[in-house]
Each structure stands twice: as structure tokens, then as C-alpha cells.
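**Student:** The following block contains the structure, expressed as C-alpha cells.
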Amino acid sequence: MSKHREACCRIPPIVVEGYQPKGKYINLNGIKTYVTGPADADKAILSVYDIFGFFPQTLQGADILAESDTERKYQVFLPDFFAGQPAKLEWYPPDNEDKQAKLGVWFENAVWSKHIHKIPGLLQAAEKENTNLTSWGIIGYCWGGKMASLLAGQDPGLFRAAVQTSPARIDANDATKVKIPMMILASEEEPEADIRKFEANLKVAKHIEMFSDQLHGFMSARGDLKDDKVRAEYERGYNLVLEFFHEHL
């Protein structure tokens, strides 16, 4: 990331339990979608959750992205691709045969090719809801990170910048197709060698950072915000994301 103004954002105190979302749920092109932030914003972020769906940590993250920047306000849209049937947190990590079997069956309906085609319609519907919107960023958590990676390489470009946190199934070949600025915030559970191969193949503006003491999903459903270190890194991660979008959207 190129140098720019520090402390662009004022992230509110992180709520560790009992978070009350600030947005609302709407029907967006037939998909239940959490929307937060100013209804007249001219920039938007599509947030693509992890396999655990509408978790409080992920909803809080959407609200942080919508309200924390002191100069720019983003409207954030978080669609429910899994239609109320996310994976169960107790299945992860899949460290026994029972968990592996349950997660495997669930993933049959969660392959990216079954959902990625929905994105253009979602953006078009959002732009009908808010006719001021002129540009989009995308943030993907874990499962959503792969979605962001794939979309960043598509033509025509729907997004101006993409972020992956705890990226799932990272593939250096995807990076060769990426056409927009890319950020990756990786955890201890993504092999750093794979992250660096992806980084080496990027030919765009980029910010790649390892959060090597954090669990996979630390910025979404698996982040234990009661832990001081996790909470601090959750906040730092969102600050980095906001700075990245501030620079590239």
C-alpha cells in the first residue's frame, strides 16, 4: 500500500458480546441482504461472508466499514448466499470423520460456481435502491475471499478494489488474472508460501500481510473478541481494510 494519511478512520469500540447490528435486512434481487451505512453514499462495498453466514462479528465488521471513515462513507451490502443454511461453527476445524462428512455434504451447495453468477444482479439491484452509487469494492472472508479473488479477475470489472481475509483455497494462478488492487490479510492457518506465491503473481497495487498469531476467520465468525489480542488484531485489520478502500475506491 502506498503511503497516505494515517488514522483515516475512527473505529468505534469493539463490542465483544451481544452486538446489535446497526443496519437492516432487505430483499436484494431475491436474496436476503444485510445493508448498512448511508443510503445516499456514492461508494459501496459488497461483503461476502464466510461459511458461517450472518455472524455477529461479520455484521459488526460491515457496520465498521460503513461508518468509520472520517472522510468517506460506504454503503455495505452483505447477501445471504446460503439462504439461512450456513455451516455450523462446531464443524470447524474438520478434525474428525463426522465433521468432515457434514462439512462435505454442506459444501455441495456452496461451491463458488453456484453463487458467483448472482453478483452482477445483486449490484444492479443495489444501484436501483441507491442511485448515487458509482463504484464498488469487495471484501471476502474465508469462503468469500475466494469469491473476491475470482471476481477480481473477471471482465468487465465490477469492482475497483478487492480484499481477502483468511482466504480459502488460495491459488496463485488466480492472481495472474487479477485486474484491480488487491489486499490479503492472512492468518496462521493459510500457508505463507501459498500467500507469497499469490503475491508474486499480482501485477496490480497490493497490500499483503500475515496475521501469523491469528486463527483462520479472525475477522469474521471465528474471531473470539473477548480475547484482547484477537480484538486488537480484528480492529487493526478493519483499519487496514478501510485505508485500502479509501485509497482505491
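**Student:** In the range 52-73, which residue that is over 14 Å from the mean Cα position of the chain (by Cα) and in contact (Cβ under 8 Å) with a residue 60 or more places away in the chain is surrounded by the fewest Cβ atoms within 10 Å (Cβ to Cβ)?
**Tutor:** So, considering only residues that are over 14 Å from the mean Cα position of the chain (by Cα) and in contact (Cβ under 8 Å) with a residue 60 or more places away in the chain, the one surrounded by the fewest Cβ atoms within 10 Å (Cβ to Cβ) is Glu71.
**Student:** Restricting attention to the range 137-152, does a residue exist that is within 25 Å of Phe77 (Cα to Cα), charged (D, E, K, R) and in contact (Cβ under 8 Å) with a residue 12 or more places away in the chain?
**Tutor:** Yes.
**Student:** With the requirement that a residue be in a loop (DSSP other than H, G, I, E, B) and either surrounded by fewer than 24 Cβ atoms within 10 Å (Cβ to Cβ) or β-branched (Val, Ile, Thr) (or both), what does the range 26-51 give you?
**Tutor:** Selection gives Asn29, Gly30, Gly37, Pro38, Ala39, Asp40, Ala41, Asp42, Ile51.
**Student:** What are the pairs with Cβ atoms under 6 angstrom where one residue, in the range 94-112, is more than 20 Å from Tyr141 (Cβ to Cβ) and the other, located anywhere, is exposed (fewer than 10 other Cβ atoms within 10 Å of the Cβ)? Sequence gap at least six, or different chains.
**Tutor:** none
**Student:** If you don't mind, there's one more thing I want to ask. Quick check: is even one residue across the range 34-41 within 24 Å of Met183 (Cα to Cα), more than 17 Å from the chain's Cα centre (by Cα) and aliphatic (A, V, I, L, M)?
**Tutor:** yes
**Student:** Next question. When the range 159-204 is examined, which residues are found to be assigned to a loop (DSSP other than H, G, I, E, B) and under 22 Å from Arg236 (Cα atoms)?
**Tutor:** Ser166, Pro167, Ala168, Pro181, Glu188, Glu189, Glu190, Pro191
**Student:** With the requirement that a residue be crowded, with 24+ Cβ neighbours inside 10 Å and assigned to a loop (DSSP other than H, G, I, E, B), what does the range 125-158 give you?
**Tutor:** Listed by number, the residues that qualify are Cys142, Ala152.
**Student:** I'm checking my understanding of the structure. Among residues of the range 72-124 that are part of a helix (DSSP H, G or I) and of a type in the set (A, V, I, L, M), which one is farthest from Thr36 (Cα to Cα)? Steps first, answer last, please.
**Tutor:** Of the residues in the range 72-124, the ones part of a helix (DSSP H, G or I) are 89-91, 97-107, 112-114, 116-124.
Checking the rest, the ones that are also of a type in the set (A, V, I, L, M) come to 89, 101, 103, 105, 116, 119, 122-123.
Values: Leu89: 25, Ala101: 36, Leu103: 30, Val105: 32, Ile116: 22, Ile119: 18, Leu122: 15, Leu123: 15 Å.
Filtering first and then ranking leaves Ala101.
**Student:** Which one of the conditions (1) in contact with an Asp or Glu (Cβ under 8 Å, 6 or more places away or on another chain); (2) more than 16 Å from Val35 (Cβ to Cβ) does Phe54 fail to meet, given that it meets all the rest?
**Tutor:** Looking at each condition in turn, Phe54 falls short on (2).
**Student:** Further question on the same structure: Need pairs with beta-carbon distance below 8 Å; first residue closer than 19 Å to Asn239 by Cα and modelled with pLDDT under 95 and within the range 11-25, second surrounded by 12 or more Cβ atoms within 10 Å (Cβ to Cβ) and among the β-branched types (Val, Ile, Thr); sequence gap 6+ or separate chains.
**Tutor:** From the range 11-25, the pairs are Ile11/Ile64; Pro12/Ile64.
**Student:** Mind checking which residues of the range 130-161 are modelled with pLDDT under 95 and farther than 26 Å from Glu243 by Cβ?
**Tutor:** Of everything in the range 130-161, those that are modelled with pLDDT under 95 and farther than 26 Å from Glu243 by Cβ turn out to be Asp155, Pro156.
**Student:** Output the number of residues of the range 235-249 satisfying the condition of being out of contact with any helix residue (DSSP H, G or I) (no Cβ under 6 Å at 6 or more places or on another chain), of a type outside the set (Asp, Glu) and more than 15 Å from Ala44 (Cα to Cα).
**Tutor:** Qualifying residue count, the range 235-249: 4.
The values are calculated or read from the model by the stated rules, or taken from the named source; none is laboratory data. This one's a predicted model, so the numbers in the text were calculated from it and none came from an experiment. Ideal geometry is used to build each Cβ from the backbone, glycine not excepted, and the neighbour counts take in all protein chains shown.
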